[in-house]
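Accompanying notes for the structure given below.
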Amino acid sequence: MTESNVATPINPLLLEILRCPVAVRAANAGADPGRLRLVGDQWLVCDESGMKYPIRNGIPIMLIEEGEKWRDTAESDLPLPPPAA
């Protein structure tokens, strides 16, 4: 495995503040919309929107287009590590 493919866990403080950009703009957003879960140490998943954002080289890729690519992929089918863009 090359250095660029090594999984880098996300800082827990960053995980606390990051939010899904789709869920936070929803009209029916609750008190704390867009919370993300860490899946496989390499994906951020929003249960509200279904968006799945890869973490590449320790950097969360929070682009809506990126999340939409993986929205319909089951969590168990998400590639580890996420493919390069």
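Charged side chains reduced to their Cβ positions (Lys and Arg at +1, Asp and Glu at -1) give the stretch 35-85 a dipole of some 140 debye around its Cα centre.
The slack in the chain from Asp41 to Glu68, taken as 0.36 nm per residue of separation less the alpha-carbon distance, amounts to 7.8 nm.
With equal scatterers on the alpha carbons only and no solvent term, can you work out the Debye log10 of I(q)/I(0) for the chain at 0.15 1/Å? With one equal scatterer per Cα and no solvent, log10 I(q)/I(0) is -0.50.
For the stretch 26-66, the alpha carbon positions stretch 33, 19, 14 Å along the principal axes, listed from largest to smallest. The residues of the chain expose on average 61 square angstrom of accessible surface per residue, using a 1.4 Å probe on protein heavy atoms. Sequence-distant contacts, meaning Cα pairs under 8 Å at least 6 residues apart, place the relative contact order of the chain at 26 percent.
A simple spin-label model places pseudo-atoms 7 Å from Cα toward Cβ; at Asn57 and Asp77 they are separated by 2.9 nm.
The values are calculated or read from the model by the stated rules, or taken from the named source; none is laboratory data. Note that the structure is predicted; figures quoted are calculated from it, not measured. Cβ atoms come from the backbone with ideal geometry, glycine included; neighbour counts cover every protein chain shown. Only protein heavy atoms, including side chains, enter the accessible area calculation; ligands, DNA and RNA are left aside. Shrake-Rupley method; radii C 1.70, N 1.55, O 1.52, S 1.80 Å.
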